[in-house]
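The values are calculated or read from the model by the stated rules, or taken from the named source; none is laboratory data. Note that this is a predicted model, so its numbers are computed, not measured. Here the Cβ positions follow ideal geometry from the backbone for every residue, glycine too, while neighbour counts run over all protein chains shown. Side chains included, ligands, DNA and RNA excluded: accessible areas come from the protein's heavy atoms. Shrake-Rupley method; radii C 1.70, N 1.55, O 1.52, S 1.80 Å.
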Amino acid sequence: MPLFQKETTSIYYEIRGKGFPLPLLPPGGMRASIDFWQRTAFNAPQVFPEEFRVIAIDERNSGRSSGPIPAGDPWEAYCADHIGLLNHLGIEKCLVLGCCIGVSHTLRLLQAAPNRVAAAVLEQPIGIDEANRQTWPNSWREWAEEIVMRQPEINRVELDDFGRRMWTGEFVLSVSREAVAACKSPLMLLPGIDRMHPPAISQEIARLVPHAEVVEPWKEPATLIPSTIATIRKFLHKHARN
């Protein structure tokens, strides 16, 4: 089982295909993992290996990955996992495709290491808006219960504090509007269309990053999906360079 180990953190990953590296930052909220791609509009780990070196991961404390509950900024801890895995695999520059919470992780990676990301695809971003403000900030609680079941020795006070810190905020949670507006990397945006992936958040990203390529509609009706995948492929190939 391929694992990236750093101190007491173990990140499970799978590599498929050859070519320019394409890490996939998965959907699934706090349970973000490779398996969650099966629930999305298209299964990215299966779609892109014919042309790219696809790196799919289970996020920390999800799927087959594990690690401590970090103090400080939770989003920074996840970002350190992502950069650590790139270093472990010897990847200096890559493309990135993030879905759902993976978009927030992608935006944090773009802020922390912009020179390492040739371009990024943002598929249905999460975010906090007026419609979900009462539900999304508590979305970590079921995940926390699952962690306690698996690791009864864990400090529940620290775990709850971690969840609150991760989901207390606004916009895309991981970075500020100013950080998104400062992004110079090529971006493709597949807007969200539901409460968990608010249209207003995608619209604001598009406004803040006017050079982003916005694809809409892209998943409904489902007959659009093949065309959407072809558009993504074209974008990734265009920017697959060091």
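Structure values in brief
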quantity: Within region 197-230, tally of residues that are in a loop (DSSP other than H, G, I, E, B), closer than 17 Å to LEU187 by Cα and of a type in the set (Asp, Glu); calculated: 1
quantity: Filtered residues of region 117-146 (kept if under 30 Å from ALA240 (Cα atoms) and either among the β-branched types (Val, Ile, Thr) or free of Cβ contacts under 8 Å to residues at least 24 places away in the same chain (or both)); calculated: VAL117, VAL121, ILE126
quantity: Residue check for PRO191: within 23 Å of THR40 (Cα to Cα), out of contact with any helix residue (DSSP H, G or I) (no Cβ under 8 Å at 6 or more places or on another chain) and of a type outside the set (Lys, Arg); calculated: no
quantity: Residues located in region 143-173, provided they are open to solvent by 40 Å² or more (accessible area, probe 1.4 Å) and charged (D, E, K, R); calculated: GLU145, GLU146, ARG150, GLU153, ARG156, GLU158, ASP161, ARG164, ARG165, GLU170
quantity: Where VAL54 falls short, out of the listed (1) within 24 Å of MET149 (Cα to Cα); (2) touching a Lys or Arg at 6+ places or on another chain (Cβ under 8 Å); (3) surrounded by 23 or more Cβ atoms within 10 Å (Cβ to Cβ); calculated: (1)
quantity: Residue list for region 120-143, restricted to those being among the small types (Gly, Ala, Ser) and at pLDDT below 90; calculated: ALA131, SER139
quantity: Complete set of residues in region 64-83 that are open to solvent by 20 Å² or more (accessible area, probe 1.4 Å) and touching a strand residue (DSSP E or B) at 6+ places or on another chain (Cβ under 6 Å); calculated: ARG64, SER66
quantity: Number of the exception - VAL117 against (1) open to solvent by less than 10 Å² (accessible area, probe 1.4 Å); (2) modelled with pLDDT under 95; calculated: (2)
quantity: Which numbered condition GLU216 misses (of (1) touching a helix residue (DSSP H, G or I) at 6+ places or on another chain (Cβ under 7 Å); (2) surrounded by fewer than 19 Cβ atoms within 10 Å (Cβ to Cβ)); calculated: (1)
quantity: In region 1-47, residue least open to solvent (accessible area, probe 1.4 Å) [restricted to those that are aromatic (Phe, Trp, Tyr) and under 14 Å from ILE101 (Cβ atoms)]; calculated: TRP37
quantity: Failed item in (1) touching a residue at least 24 places away in the same chain (Cβ under 8 Å); (2) open to solvent by less than 60 Å² (accessible area, probe 1.4 Å); (3) within 19 Å of the chain's Cα centre (by Cα), with SER176 passing the rest; calculated: (1)
